[in-house]
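Working notes for the structure below.
Computed from the coordinates by the stated procedures, all read-outs in this text should not be read as laboratory data. The structure presented is a predicted model; accordingly, all values stated were derived computationally and were not measured. Cβ: placed from backbone, ideal geometry, glycine included. Neighbour counts: every protein chain shown.
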Amino acid sequence: MNFRTTVLLLLGAVAATEPAATQQTLRLNGYIEHQFSANHYPNSGWQQLDYDRVRIDLNARAGRGARTSVAVVYQLYRGNTSIALADVLPDELREVVGDASVDLENRHYLNHAYVTIRPGPVEITAGKQFLTWGAGAVFNPTELFRPKNILEPSYEREGIGAISAKLPFGPLSDVRVAWVPDGGFDSSGKLVRIRHHFQGFDLSAIVAEFYEQTIPVGFLDVEGFLERRRTIGGDVSGELFGLGVWTETTWSDLAGERWLEVTAGGNYSLRDGTLLMLEGFYNGRGEWDAPYSAASWLHRLSGTRRTLGKGILVGNVTRPFGQLWSLGLSTLGNIGDGSGVLIPSVSYSFAENVDLLFNGLVYFGGSGTEFGVGDLGGFLRGRVYF
């Protein structure tokens with residue numbers, strides 16, 4: 001199916017969601033994005049990657065509170081599209097992965113596609129949707145299905161296929177249940193989340209059960225096993241003495257392995273617009289120091305583990321300059337093994353609906369540490385909205 005056919009089919013699908021006699025609105029928007037990135041690896045030197053990305057969003061509202069949202073993404077890669085695992089793993093694991101690599105292939109997919117209806121007070125959403133929440137800026141233990149990229153936590157994420165229902169019971173207060181089909185009924189994800197606003201603070205609690213792959217089988221020619229994971233947790237966020245503060249925690253059980261995850265942080269805005277942020281993350285599933293197991297490394301690369309270490313500290317300073325420029329500096333550090341990464345950034349609003357962003361990556365740490373595998377890197381990204 002080509003690009004034009006996909007768009008026409010989506011337009012037709014949205015237009016058909018409600019009879020013509022009812023009042024409805026249709027909005028189309030999106031962006032075109034180009035990014036060039038370069039990274040230096042100790043084993044293979046400089047590698048470049050270039051991509052074009054087009055996203056088209058269709059949003060429609062119909063009668064009785066019904067609405068639908070669809071986003072189509074096309075992404076085309078050029079350059080070094082085959083990433084050798086030996087380049088992103090410590091030297092002692094080269095024999096384990098051999099010549100294995102991750103190949104980046106051109107993609108076209110639905111970033112999200114869902115329909116929401118409101119039969120009475122209940123809001124029901126079905127389709128590929130966003131089950132994202134949590135108070136943390138970088139680390140969100142209560143987000144169980146699509147964790148953030150810790151090197152760029154604000155970048156958009158893909159939805160997940162689910163059926164969810166939300167019942168409000170007060171201002172900024174509701175109960176949400178979600179079913180995430182995956183294989184049979186037993187292996188599908190289930191969760192309940194309660195949110196409440198009290199005395200200026202947002203509070204939530206979550207209970208979930210889903211199945212997790214014990215080995216990221218996409219990297220190696222091995223068989224993985226699905227194990228049931230149960231998680232309980234919650235978060236609190238608000239303002240205290242002029243500071244924005246938050247904390248978030250979960251307790252999980254996976255095949256007898258039990259661990260705690262905790263995030264706590266705060267931010268403060270100076271009079272000149274400078275924003276200061278500090279966040280700490282404890283991962284009870286990690287280790288206090290290197291070396292880390294091959295399975296842990298592969299889980300981290302696949303995104304199923306947030307970190308290798310138990311303790312991570314995140315800091316960020318962002319300052320606007322005029323109305324068009326913004327400079328920032330972020331750092332992530334592994335408290336146990338002493339490794340980290342510095343991320344300087346420059347953003348510029350080139351014109352109306354045109355943004356430019358540069359992010360650098362400067363890694364430091366010893367051999368085998370969490371951030372010590374890389375050297376230098378960065379990307380330059382331009383995005384035009386329509």
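Quick check on packing: order 85-96, 161-172, 333-344 by the mean number of other C-beta atoms within 10 Å, highest mean leading.
Output ranking for 85-96, 161-172, 333-344: 333-344, 85-96, 161-172.
How high is the relative contact order of segment 3-385? Use alpha-carbon pairs under 8 Å, at least six apart in sequence, and give a whole percent.
On the way: 945 pairs, mean separation 46.6, N = 383.
Reported relative contact order: 12 percent.
Can you give me the long-range amide H partners of Gly284? Hydrogens built in the peptide plane at 1.01 Å from N, cutoff under 5 Å, separation of 5 or more residues or another chain.
Long-range HN contacts for Gly284: Leu260, Glu261, Val262.
What does the net charge come to around Phe364 if you take all other residues with beta carbon closer than 12 Å to its beta carbon, with K and R at +1 and D and E at -1? Kindly include the intermediate steps, with their values, before the conclusion.
Working: positive: none; negative: Asp337, Glu370, Asp375.
Here the count lands on -3.
Can you match Rg/Rh (Cα atoms, Kirkwood Rh) to one of these, (i) 1.04; (ii) 1.07; (iii) 0.96, based on a calculation from the structure here?
Among (i) 1.04; (ii) 1.07; (iii) 0.96, the one derived from this structure is (iii).
Put a dot 7 Å past each Cα toward the Cβ at Phe350 and Phe185; how far apart are the dots in nm?
It is 5.4 nm.
Assuming R0 = 45 Å, what is the FRET efficiency of Ser101 and Thr274, from their Cβ-Cβ distance, to the nearest 0.05? Don't jump to the answer; show the numbers that get you there.
Details: r = 42 Å, r/R0 = 0.94.
Once the sixth-power term is evaluated, E becomes 0.60.
At R0 = 22 Å, how high is the FRET efficiency between Ile194 and Ser154 if r is their beta carbon distance? Nearest 0.05 is fine. Walk me through the numbers on the way to the answer.
Values: r = 27 Å, r/R0 = 1.21.
With R0 = 22 Å, the Cβ-Cβ based efficiency is 0.25.
So for the pair Trp259, Leu167, with labels modelled 7 Å out along Cα→Cβ, what separation do we get in nm?
For the pair Trp259/Leu167, the computed spacing is 3.5 nm.
Rounded, prolate or oblate: which fits segment 240-327 when a ≥ b ≥ c are the square roots of the eigenvalues of the alpha-carbon gyration tensor, with rounded for a/c under 1.5 and prolate only if a/b beats b/c? Write down the numbers at each step before the final one.
Working: a/c = 3.36, a/b = 2.00, b/c = 1.68.
Note, shape of segment 240-327 comes out prolate.
Would you mind putting 256-262, 174-180 in packing order, based on average other-beta-carbon counts within 10 Å, highest first? Could the numbers behind the result be given before it?
Numbers: 256-262: 14.6, 174-180: 17.4.
Result, highest mean first: 174-180, 256-262.
Between Arg118 and Val207, what is the label-point separation in nm under the 7 Å Cα-to-beta-carbon projection?
2.8
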